[in-house]
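Take a look at the structure below.
The values are calculated or read from the model by the stated rules, or taken from the named source; none is laboratory data. Keep in mind that what you see is a predicted model, and the values were worked out from it rather than measured. With ideal geometry, Cβ positions are generated from the backbone for all residues, glycine too; neighbour counts draw on all protein chains shown.
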Amino acid sequence: MDKRSLEHVARRFREAETRADILRRELAAAIRQADADEIPQKDICEATGYTRQQVRRIVLASDTDQGDEAAPGTD
């Protein structure tokens, strides 16, 4: 692997991280909306793969700081 190839892979990785962050924020907004629409937390968990604790953190973050969403694996 040469330096140019490594830089290309690193750039693609950073772009993927950016896309994942955007999608994570969109999903958090959708979770908050589902909660506001009174969708049962059990259904939100099944649809997202998040735990109940993660869903609660995301919903509660809307009352404090929306930039601090829980991501899978951050229990």
Just to verify a result, which residue in the stretch 12-35, among those that are touching a helix residue (DSSP H, G or I) at 6+ places or on another chain (Cβ under 6 Å) and among the small types (Gly, Ala, Ser), is farthest from VAL59 (Cα to Cα)? ALA34
Taking ALA28, is it surrounded by 16 or more Cβ atoms within 10 Å (Cβ to Cβ) and either part of a helix (DSSP H, G or I) or at pLDDT 95 or above (or both)? yes
Here the residues within the stretch 33-56 that are surrounded by fewer than 10 Cβ atoms within 10 Å (Cβ to Cβ) and over 13 Å from the mean Cα position of the chain (by Cα) are ASP37, GLU38
